[in-house]
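Below is one structure; the comments refer to it alone.
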Amino acid sequence: MSDELQHNPPTSQPPQARMPSAGIGFSLNETPGIELLLQPLTSTSPIVNEAKIRRLYLQASTQQWFSPHRLNFSDDVEMDEVSRRIWIRFMTVFYTMEKMGLNVIQNMMSRAVRKMKSEEMAYYLSVQCADEARHVFTIEQYLKKLGAPPKYDYTYHVLGQAASMGIYRVENWLFSTLFSENFASCFLRKTRASNIEPMGNEMCKYLLIDESRHLHFLHIVLPDVMDRLSLFGKAYVKGSQFFIMKFTELMARKLDKDGKIVGIDRRELVEEVFENVERAYESFGVSRRFLPFPRVGALTSN
Ligand SMILES: [Fe+2]
Ligand SMILES: [Fe+2]
């Protein structure tokens, strides 16, 4: 048993009371010898900014959290039956997306390290992969508390394939992640705002901290990836991204009615994701003309 577990055995106390602090992480700048730790290895002609990736790796390492210390899984989840049914539906979709993200990052991280010629990415992506494992594990426990066995929904499986197969697969994966991380962040913010249930709300808070960092990583690497992509590569990525966004938009319509009952507006959610992705592309020096976005439909088909 680790020291951490010995010092913090699970009890019926509120989770925050068992931790050294209710927040996550510690200050990187106060770490002894930090200047030395921040110096990247010297890779041969890396394609990405290694100093920034190294700093993000160290930051990610300081922000790791252990979900049974943050969420008290011995508590019951109180909800009316209609909200519970809908919430299980939403959480099953979210679980599927996170599980898919975990499978894909496991498959893609070594390819990305080679393609971007950056050993610093090996450090960083390993921690991001651990984040995604923690997310899947945590949502799995939460679904059990809701009374639903966690189930991977194969309806969405094609998204993972579109995001990581074919030519330019590393670039395609990174751009797909920009969309999926934005989607996860917007979804988590909206569920927090609608405050559906306290344990779920707390879980979303911790997931959101990690997802924001995952977006930060993409904002470091994607401008360099975009700069180096050939015209054909750009066309390929554009086609793949349009498919992923269109598929998501169509699937989201099926959740329209349920979303309204628990206070999540499906249309607002998808529009916000598209706007965030568009702003990100603009910051990489391309405009809406580069990446066409699907129209967000009003049609509801439940
Ligand atoms: Fe995640
Ligand atoms: Fe993520």
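Bear in mind these aren't lab numbers, they're just calculated from the coordinates by the rules spelled out. It should be emphasised that the depicted structure is a prediction, and the values quoted were computed from it without experimental measurement. Cβ: placed from backbone, ideal geometry, glycine included. Neighbour counts: every protein chain shown.
Selection of segment 130-156 for residues being more than 16 Å from ligand 2 (Cβ to nearest atom), touching a helix residue (DSSP H, G or I) at 6+ places or on another chain (Cβ under 7 Å) and under 23 Å from residue 244 (Cα atoms) yields 151, 152, 153. Contact annotation: residue pairs with Cβ atoms under 7 Å, 6 or more positions apart or on different chains, pairing a residue in segment 89-103 that is in contact (Cβ under 8 Å) with a residue 40 or more places away in the chain with a partner that is within 13 Å of ligand 2 (Cβ to nearest atom) and among the aromatic types (Phe, Trp, Tyr), are 94/187.
Looking across segment 147-181 at every residue that is among the hydrophobic types (A, V, I, L, M, F, W, C) and part of a loop (DSSP other than H, G, I, E, B), the one that is surrounded by the fewest Cβ atoms within 10 Å (Cβ to Cβ) is identified as 167. Total residues in segment 248-289 satisfying the condition of being of a type in the set (Val, Ile, Thr) and part of a helix (DSSP H, G or I): the figure is 5.
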